[in-house]
Amino acid sequence: MAPASKTASKTKTAPKPKTAKPKTARPKAAPADRKEAAAQATAPEPTASAPPLPDPAAFIPREQREQFEKLSANLARAAITAQGAIAEAALRQADAPSALNTDPFHVGPALTQVMGKLASEPDRMLRAQADLFSRYLDLWQNTAKRMSGEQVEPVVSPAKGDKRFNDPDWGSNPVFDVMKQSYLLTSNWLNGLVSEVEGVDPLEKRRVEFFMKMLTDAVSPSNFLMSNPAALREAVATGGESLVRGMEQFAQDLARGGGQLSISQTDMDEFKVGENVATAPGKVIYQNDILQLLQFNPTTEQVREIPLLLFTPWINKFYITDLRPDNSLIRWLTGQGFSVFVTSWVNPDERLAAKTFEDYLVEGIYDATAQVMKQAGTDRVNTVGYCIGGTLLSCALAHMAAKGDKRVNSATFFAAQQDFAEAGDLRLFVDEGWLKDIEAQMDKAGGFLPGKSMADTFNALRGNDLIWSFFVNNYLMGKEPKPFDLLFWNSDQTRMPKALHLFYLRNFYKDNALAEGKLTLDGVKLDLSKVKTPIYVQSSREDHIAPFRSIYRGAKLFGGPVTFTMAGSGHIAGVINHPDAKKYQHWTNSALPGSVEEWVAGAVEHPGSWWPHWAEWLNERSGGMVPARDPTKGPLKPLEDAPGSFVKVRS
């Protein structure tokens with residue numbers, strides 16, 4: 001019998017029977033689920049995920065990346081600022097009559113006349129279009145040659161004195177050069193097309209020419225950020241901060257203009273009347289409703305017997321004659337030994353709305369001359385009329401001639417008109433449509449013309465210099481306007497009474513009544529040929545407000561001896577040109593032939609200011625020398641120090 005241990009080792013344990021697990025019923029898959037399951041079953045085994053694409057910004061240096069981010073943020077800020085300002089301005093102007101006017105420049109009828117004439121001459125239009133196309137072909141060919149490395153002359157260049165394209169990139173960069181020349185070709189073509197139209201009313205044609213020039217000036221590539229190389233450079237260099245500053249100034253100017261853009265031309269806070277402009281010492285010796293009469297301190301021990309009285313324009317402040325000590329006409333005249341008196345006109349409000357041109361004749365010319373003679377102890381006075389002040393003085397001379405009043409010993413006219421037949425572009429603003437708009441504007445203001453209205457009109461006459469240059473500098477470049485005393489004075493406009501201003505526009509600019517002998521004042525019909533007083537007439541060769549041709553026509557109307565002089569430069573710089581500056585030139589001719597062309601042909605050119613020539617003429621008509629007159633010791637007691645209080649009233 002085998003041992004038990006061995007038996008046990010050979011015995012195998014029977015396996016346990018497997019227990020079957022109950023099967024749970026699986027829901028039947030929907031068809032879509034079955035498709036998805038099938039797709040998953042056949043899908044390849046997942047692999048490791050692809051690495052992410054590199055960030056493009058990682059290849060840009062950090063400093064440049066920050067600059068781009070700054071530029072983007074500032075562009076957004078500038079856009080938001082501009083949008084907000086424009087939206088607010090639109091709301092403020094929504095109910096204004098001008099906002100509803102489809103033809104605010106009243107150019108529609110004139111434009112219809114000119115365009116109708118062009119349409120009636122298809123041959124001329126075809127020739128003009130062919131000429132423009134030919135010029136563009138030349139430009140494209142020149143551009144292609146330049147791109148291939150050739151040196152080429154420009155097809156068209158800016159006019160002399162056009163500062164819009166002074167930046168070097170306008171010539172050195174081919175893209176900006178093509179922009180510039182394309183613009184000049186098209187704008188010159190449009191302006192030339194209008195100027196060559198014949199057979200239409202000359203004034204209507206001039207109105208269209210003026211409007212077309214305004215339009216083409218406005219669309220110059222220099223006036224837009226993306227086509228102005230200097231503005232683009234400034235934006236990139238400052239990271240867009242220049243645009244933010246520009247739009248902030250844009251918003252401020254819109255707010256200052258009450259919803260209308262009032263472009264800042266200078267830093268108005270830099271100047272104070274009586275502190276750093278209008279500083280010639282003197283006294284206010286007389287005052288009435290419309291003027292203060294200033295007498296300035298003598299600077300010589302003796303003065304000429306007959307005093308000198310300046311009637312400045314009432315649409316500006318008198319201190320154009322006393323901006324700075326080194327260009328002050330008043331200081332220069334006292335230094336020449338003249339007793340100098342100046343009118344400082346009131347800045348009127350609704351209380352003076354009814355003041356008329358006759359009131360300014362009586363309370364202005366007659367009253368001021370009487371007070372000067374009383375103060376100086378004389379029975380005569382030498383007078384000066386500047387711009388519109390000269391027009392009023394001309395009327396007074398004719399009025400005095402009719403009455404036999406000989407108080408005015410001589411009269412000098414600075415840029416003053418008597419004949420308005422060729423009165424320049426201001427004539428374009430005096431048709432009946434304009435006059436109705438101006439009258440409505442004055443009624444809304446309370447019976448006077450706001451100072452800003454005249455400022456806008458004068459600025460429009462020289463849009464590139466007085467509008468678009470500041471638009472680019474202030475808004476596109478983001479620079480603050482520089483302090484400039486002349487532009488401070490130019491911005492310091494005065495208001496004008498309704499009755500006075502409408503009379504002036506209608507009777508002088510529109511009807512030319514004085515030159516045609518149709519003007520009656522204070523019951524007297526005015527005739528300049530009866531004026532025998534010695535006359536000195538100053539004009540300026542580049543004056544756009546009182547053109548020298550217009551002034552010459554007026555000089556021919558007087559019946560006495562007339563000396564005509566032409567200065568270099570324009571309406572302001574031609575007049576205010578101190579001899580020490582040694583600037584510009586002037587022309588003299590002792591004769592007064594039938595036409596200004598004959599006068600120019602016989603004139604002699606002299607370097608520098610015309611003031612010494614005038615002073616020589618004036619000395620001969622100012623009597624002998626007498627002890628200097630102290631403003632504090634005359635019969636008229638001083639009311640206050642010069643420049644007085646009238647001149648400090650802002651519009």
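So, counting K/R as plus one and D/E as minus one, what does the shell of residues with Cβ under 9 Å around F448 add up to?
Details: positive: R495, K498; negative: D349, E350.
Spelling it out: positives minus negatives among the neighbours equals 0.
Only Cα pairs under 8 Å and at least 6 apart count here; give the relative contact order of the chain as a rounded whole percent. Please list the in-between numbers first.
Details: 1048 pairs, mean separation 105.8, N = 651.
Relative contact order comes out at 16 percent.
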* **Angle between the chain longest axis and helix 62-93 axis [Cα atoms, degrees, rounded to 10]** => 50 degrees
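Based on the Cβ-Cβ distance from Q302 to K532, what FRET efficiency comes out when R0 is 30 Å, to the nearest 0.05?
For R0 = 30 Å, the calculated efficiency reads 0.50.
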* **Intensity falloff of region 355-406 expressed as log10 I(q)/I(0), Debye formula with alpha-carbon point scatterers, at q = 0.32 Å⁻¹** => -1.33
* Over region 527-645, give the accessible area per residue in Å² for a 1.4 Å probe, as an integer. => 44 Å²
* Over 19 Å between Cα atoms, which of K163/K317; K355/K444; K482/K582 qualify? -> K163/K317; K482/K582
* Asked: Between F133 and D511, what length comes free when the chain is fully extended (0.36 nm per residue of separation minus the Cα-Cα distance, one decimal in nm)?
  -> 131.7 nm
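Indicate the gyration tensor shape class of region 127-269 (rounded, prolate or oblate), computed on the Cα atoms with a ≥ b ≥ c the square roots of the eigenvalues: a/c under 1.5 is rounded; otherwise a/b larger than b/c is prolate and the rest oblate.
Values: a/c = 3.03, a/b = 1.19, b/c = 2.55.
Here region 127-269 falls in the oblate category.
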* To do: Calculate how steeply helix 388-403 sits against the longest principal axis of the alpha-carbon atoms of the chain, using the helix alpha-carbon long axis, and give the answer as 0 to 90 degrees to the nearest 10.
  => 20 degrees
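Rounded, prolate or oblate for region 175-229? Axes are the square roots of the Cα gyration tensor eigenvalues, ordered a ≥ b ≥ c, and the cut-off for rounded is a/c under 1.5.
oblate
If I stretch the segment between A440 and S120 completely, what's the gain in nm (0.36 nm per residue apart, minus their alpha carbon distance), one decimal? It would help to have the intermediate numbers written out before the result.
Numbers: separation 320, 0.36 × 320 = 115.20 nm, distance 3.76 nm.
Length gained, A440 through S120: 111.4 nm.
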* **Vicinal HN-Hα couplings computed from phi for region 152-159 (Karplus, 6.51 cos²θ - 1.76 cosθ + 1.60; Hz; Gly/Pro x)** => 10, 7, x, 5, 8, 10, x, 5
* Structure fact -> Computed D for region 568-635, Stokes-Einstein, Kirkwood radius over alpha-carbon pairs, 4 °C, 1.567 mPa s, to the nearest µm² per second, is 88 µm²/s
* To do: Rounding to the nearest 20 debye, state how big the charge dipole of region 98-165 is about its Cα centre with +1 on each Lys and Arg Cβ and -1 on each Asp and Glu Cβ.
  => 180 debye
* Asked: What's the angle, to the nearest 10 degrees (0 to 90), between helix 241-256's Cα axis and the longest principal axis of the chain?
  -> 50 degrees
* So if R0 is 30 Å, what FRET efficiency would M625 and T588 give, r being the distance between their Cβ atoms, rounded to the nearest 0.05? -> 0.70
* Structure fact -> Sequence order, region 359-364: Karplus ³J(HN,Hα) from phi using 6.51 cos²θ - 1.76 cosθ + 1.60, θ = phi - 60°, Hz rounded, Gly and Pro as x, gives 4, 5, 5, 7, 7, x
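Run lengths n ≥ 4 of DSSP H only: what is the helix-derived mean residue ellipticity at 222 nm for the chain, with -39500 (n - 2.57) per run over all residues, to the nearest 500?
Working: 20 runs with 253 residues, N = 651.
After summing the helix terms and dividing by residue count, I get -12000 deg cm²/dmol.
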* Alpha-carbon Debye profile of region 202-242, log10 I(q)/I(0) at 0.17, 0.22 Å⁻¹ -> -0.56, -0.69
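Go through R427, R245 and list them by solvent-accessible area, largest first, probe radius 1.4 Å.
R245, R427
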* Hey, what's the per residue convex hull volume over the C-alpha atoms of region 203-318, in cubic angstrom? -> 258 Å³
* Taking amide hydrogens as modeled 1.01 Å from N in the peptide plane, which residues meet the under 5 Å criterion relative to V537, leaving out close sequence neighbours? -> F413, T563, F564, T565
* **Average projection area in nm² (convex hull over Cα atoms of region 599-651, one quarter of hull surface)** => 8.2 nm²
* Shape metrics for region 478-524, restricted to C-alpha atoms - Rg then Dmax, Å -> 17.8, 57
* **Dimensionless Rg ratio for region 533-651, taking C-alpha atoms and the 2.2 N^0.38 Å reference** => 1.32
* Calculated from backbone phi, Karplus (6.51, -1.76, 1.60) coupling profile of region 464-473 in Hz, x at Gly/Pro -> 5, 7, 10, 10, 5, 5, 6, 4, 5, 5
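Size of the dipole of region 153-308 about the Cα centre, Lys and Arg at +1 and Asp and Glu at -1 on the beta carbon, nothing else charged, in debye to 20? Don't skip to the end; give the middle numbers.
Details: 14 positive and 22 negative charges, 19 e Å.
Roughly 80 debye for region 153-308.
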* Mind grabbing the base-10 log of I(q)/I(0) for the chain at q = 0.06, 0.07, 0.09 Å⁻¹? Debye formula, identical points on the C-alpha positions, no solvent, two decimal places. => -0.45, -0.58, -0.88
* Short version: what are the Cα gyration tensor semi-axes of region 315-436, square root of 5 times each eigenvalue, largest first, in whole Å? -> 26, 20, 16
* Structure fact -> For region 321-386, Rg(Cα) over 2.2 N^0.38 Å is 1.34
* Structure fact -> Projecting the Cα atoms of N619, T266, I306 onto the charge dipole of the chain, where Lys and Arg contribute +1 and Asp and Glu -1 at Cβ, the residue farthest towards the positive end is T266
* Nearest-20 debye value, the chain charge dipole, Cβ charges on Lys, Arg, Asp, Glu -> 3800 debye
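The values are calculated or read from the model by the stated rules, or taken from the named source; none is laboratory data. Quick caveat, the model's predicted, so the values are computed rather than measured. Heads up, the Cβs are rebuilt from the backbone with ideal geometry, glycines too, and the neighbour counts pull from every protein chain shown. When the accessible area is computed, the model is the full protein with side chains, heavy atoms only, and any ligands, DNA or RNA have been set aside. Shrake-Rupley method; radii C 1.70, N 1.55, O 1.52, S 1.80 Å.
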